[in-house]
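**Q** After the C-alpha cells below, expect a handful of questions from me.
The values are calculated or read from the model by the stated rules, or taken from the named source; none is laboratory data. On a predicted model such as this, the values are computed, not experimentally measured, just so you know. Counting neighbours? That spans all protein chains shown, and the Cβs are built from the backbone with ideal geometry, glycine included.
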Amino acid sequence: MTDRRDLCFLTGVRALELFRRGDLSPVELLRAQIERARQTEPTINAFTETFFEQAMAEAQQAEKRYLARADDLRPLEGLTVAIKDMLDQKGARNTRGSLIYKDNFSDKDHPVVARIRQAGGIIHARTTTSEFAFGWITATRLWGVTRNPWNPELTPGGSSGGAAASLAAGSSTLAIGTDSAGSIRVPAALCGVVGYKPPRGRVPDPCDGHDPFNAIGSMARCVADCALLQNVISGIHPDDVTSLREKPVIPLHLEPLTNLRLAISLDLGMTEPTREIMRVTREAASKLSAQGISIQEPAIHWPAGITENARLYSTGLIAPELLTIDREHGKELCDYTQYAVAAARNCSLNDISTGMATARNLYRELVGILEDFDALICPVVLTNRIGAEQKPWVRMKVNGVELDSDYDWVTTPHFNMLGELPAFVLPIGQDVDGLPVGLQIVTRSYDDLRAFLVAATIEQLLNGDQPRGFSRAQLGASVAPG
C-alpha cells in the first residue's frame, strides 16, 4: 500500500489491522492525511485549526507501541479524530464558529475529547461548524465557507459540515459531530459518509446535555468505525446528570441480520424528494428485497405541521441564549444567526408546548412500527443540491413544491423531537450527477445495538466489501488536482 491517497480513505478498523500486522505505521497514515489536507483545504475549508506537529509526535509514540507489540494497545491507538469546533479541547480555541468567541481558549477537555485521548486517538484538527451549530450550511464570518468535496459549489451541510467534508476528502479517519436537528445526519448524507445520532444521554455533554434534542455522535466512513468511536465516547460522566449509566458495547464485527424487517417512508407524509433521490432509494430498497429483506410501506399519519413545529420548538429552546447574545454582540453575528434571532424574538411558550404535543403524537404513530419492524428507513434530505452559501430564507422548488432553505428540505428534526431514538445515516449510492445519496435508519428507543446491526446489514448487502458510498477517483478530482 504505497499510494498515499489510498491511505487517506482507509477505514479505521482496517488501519488498526494494518498497524497490528506491521504493514502500516500511524506515522505513514498521518503524513498521508496531512498531505491530503494541504491539497484539499484551500478548496473545502473543513478545518478551523490543525495540530499537525503535536499529532506527529503522538503518531510516533503510537508507532513505537505497535513495533514493541505492546499488549495494552488502546482502542483508537494511532487513528486521527477530528473534533467539531463546539467541544472544549485544552489549549485550543473553542469558537463555536463565531467572531464573539474567536479568542476563547479552553482550559480543559470536554469529556468526549478526554476519552478520545485516553483511547489513543490523535486529535489532529478541529472542524468547522455553522455559528453556534445553528444552520444547515457551514459558512461563518470567522472561518469562511466550507464546501462539499463532491462539488465545491454545494454545501457539505450543517452544522457538522467540516467533519463530514474532512472524512469525504480523506483528511481524517474519524470525526465527532453534534446533532440537534440533523447536524450529523444531513452532512453525512450530502458528503457520502456515515453518521450516527445516538439516543439522548448516551454520550455525556456537560455543556448541552440539558437540550432534549441534542446529541454528540460519531462520524466515519463505515458502520464499524462509528462503533469503534461510539464505544469510546459513550457512558456516564459525573458532570452530566443526563448521561446514561447503561453503556452498550457495540461489536466491531457485526454479522448481517437474517429475517430483517424494514418499514419505509419515502415522503415522511410531506413532500417527496427529488426524482433522483427517490430513484436511488427505491433501487437500494429493491436490492435489499432481492436479498431476502422484508420491506413494507406502512401508513404513517405524520402530525400536521411537524416540520414547522420542530423548527419553532428548537428555536424556542435556544431563544433565551440567542437573544442575550444578540443584545451583547449583535453586530458580530452572521446573517444566518441573525435570521434565527429574528425567529427567536417571535417565539412563545405555546411554541414549546405545541412542539412537545407534536412529539407525543409522532411517537404514537411510530411506536407500533418500531416494535413491529427492526427499523424505519427514509430519505435524509429532499434535495442534495443546496448551495455552499445558500441562506435559509431563500425559496426553492422540489418537484414543483416551493420550500424554504431552512427546515423544509431535511427530514431529520422529527427524530430529534424524539431524542431517545437512535438514528443512522448511510451512503447508498449516487445520483445521475455523481452526488451521494444517503439513507436514514431509525430504531426503537435506546436500542443502539439494533441500530448498528441494521445499519451494518444494509451496508454489507448494498456495498459488500466497499462500505464507502463514493468513488475515490471522482472525489479526488473534485477537490484537488491529480
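**Q** For the range 336-373, name all the residues that are buried (at least 16 other Cβ atoms within 10 Å of the Cβ), over 27 Å from residue 295 (Cβ atoms) and either among the small types (Gly, Ala, Ser) or touching a strand residue (DSSP E or B) at 6+ places or on another chain (Cβ under 6 Å) (or both).
**A** Selection gives 340, 343, 344, 355.
**Q** Here's another thing I want to ask about it. Within the range 310-322, is there a residue that is of a type in the set (Asp, Glu), assigned to a helix (DSSP H, G or I) and under 19 Å from residue 268 (Cα atoms)?
**A** The answer is no, given that none of the residues of the range 310-322 is of a type in the set (Asp, Glu), assigned to a helix (DSSP H, G or I) and under 19 Å from residue 268 (Cα atoms).
**Q** Test residue 401 against the stated conditions and say whether it is aliphatic (A, V, I, L, M) and out of contact with any Lys or Arg (no Cβ under 9 Å at 6 or more places or on another chain).
**A** Taking the combined requirement at face value, the residue satisfies it.
**Q** Considering only the range 41-76, state which residues are small (Gly, Ala, Ser) and either exposed (fewer than 15 other Cβ atoms within 10 Å of the Cβ) or at pLDDT below 95 (or both).
**A** 57, 68, 70
**Q** Please go through the range 141-199 and give me each residue that is part of a loop (DSSP other than H, G, I, E, B), aliphatic (A, V, I, L, M) and within 9 Å of the chain's Cα centre (by Cα), ordered by number.
**A** Scanning the range 141-199 gives 184, 193.
**Q** Shifting gears a bit: Do we find a residue being of a type in the set (Asp, Glu) and surrounded by fewer than 20 Cβ atoms within 10 Å (Cβ to Cβ) anywhere in the range 450-460?
**A** Scanning the range 450-460, I find no residue that is of a type in the set (Asp, Glu) and surrounded by fewer than 20 Cβ atoms within 10 Å (Cβ to Cβ), so the answer is no.
**Q** Between 14, 38, 20, 31, which is surrounded by 17 or more Cβ atoms within 10 Å (Cβ to Cβ), in a helix (DSSP H, G or I) and without any contact (Cβ under 8 Å) to a residue 60 or more places away in the chain?
**A** So the residue among 14, 38, 20, 31 that is surrounded by 17 or more Cβ atoms within 10 Å (Cβ to Cβ), in a helix (DSSP H, G or I) and without any contact (Cβ under 8 Å) to a residue 60 or more places away in the chain is 14.
**Q** For residue 225, only one of the following conditions fails: (1) part of a loop (DSSP other than H, G, I, E, B); (2) more than 26 Å from residue 317 (Cα to Cα); (3) touching a residue at least 60 places away in the same chain (Cβ under 8 Å). What is its number?
**A** Here residue 225 meets the rest and fails (1).
**Q** Checking the structure you have, find out if any residue of the range 295-308 is of a type outside the set (Val, Ile, Thr), more than 24 Å from the chain's Cα centre (by Cα), more than 25 Å from residue 189 (Cβ to Cβ) and buried (at least 18 other Cβ atoms within 10 Å of the Cβ).
**A** There is no residue in the range 295-308 that is of a type outside the set (Val, Ile, Thr), more than 24 Å from the chain's Cα centre (by Cα), more than 25 Å from residue 189 (Cβ to Cβ) and buried (at least 18 other Cβ atoms within 10 Å of the Cβ).
**Q** Please verify whether residue 218 is buried (at least 18 other Cβ atoms within 10 Å of the Cβ), within 19 Å of residue 189 (Cβ to Cβ) and in contact with a helix residue (DSSP H, G or I) (Cβ under 6 Å, 6 or more places away or on another chain), treating the condition exactly as stated.
**A** So residue 218 passes the test.
**Q** Could you look through the range 427-437, keep only residues that are crowded, with 21+ Cβ neighbours inside 10 Å and either touching a Cys at 6+ places or on another chain (Cβ under 9 Å) or among the β-branched types (Val, Ile, Thr) (or both), and pick out the one that is nearest to residue 153 (Cα to Cα)?
**A** Out of the qualifying residues, it is 436.
Residues are listed down the side, and each one gets a yes or a no for (1) among the β-branched types (Val, Ile, Thr); (2) over 25 Å from the mean Cα position of the chain (by Cα); (3) over 26 Å from residue 425 (Cβ atoms); (4) modelled with pLDDT of 95 or more:
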| site | (1), (2), (3), (4) |
| --- | --- |
| 330 | no, yes, yes, yes |
| 333 | no, no, yes, yes |
| 339 | no, no, no, yes |
| 361 | no, yes, no, yes |
| 367 | yes, no, no, yes |
| 370 | no, no, no, yes |
| 383 | yes, no, no, yes |
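**Q** Is there a residue being within 25 Å of the chain's Cα centre (by Cα) and not in a loop (DSSP other than H, G, I, E, B) anywhere in the range 54-77?
**A** The answer is yes, given that some residue of the range 54-77 is within 25 Å of the chain's Cα centre (by Cα) and not in a loop (DSSP other than H, G, I, E, B).
**Q** Any idea which of (1) in contact (Cβ under 8 Å) with a residue 60 or more places away in the chain; (2) over 28 Å from residue 234 (Cα atoms); (3) surrounded by 15 or more Cβ atoms within 10 Å (Cβ to Cβ) is the one residue 6 doesn't satisfy?
**A** (3)
**Q** Then there is this: What are the residues in the range 98-112 that are in contact (Cβ under 8 Å) with a residue 40 or more places away in the chain and assigned to a helix (DSSP H, G or I), if any?
**A** Residues satisfying the conditions are 99, 100, 111, 112.
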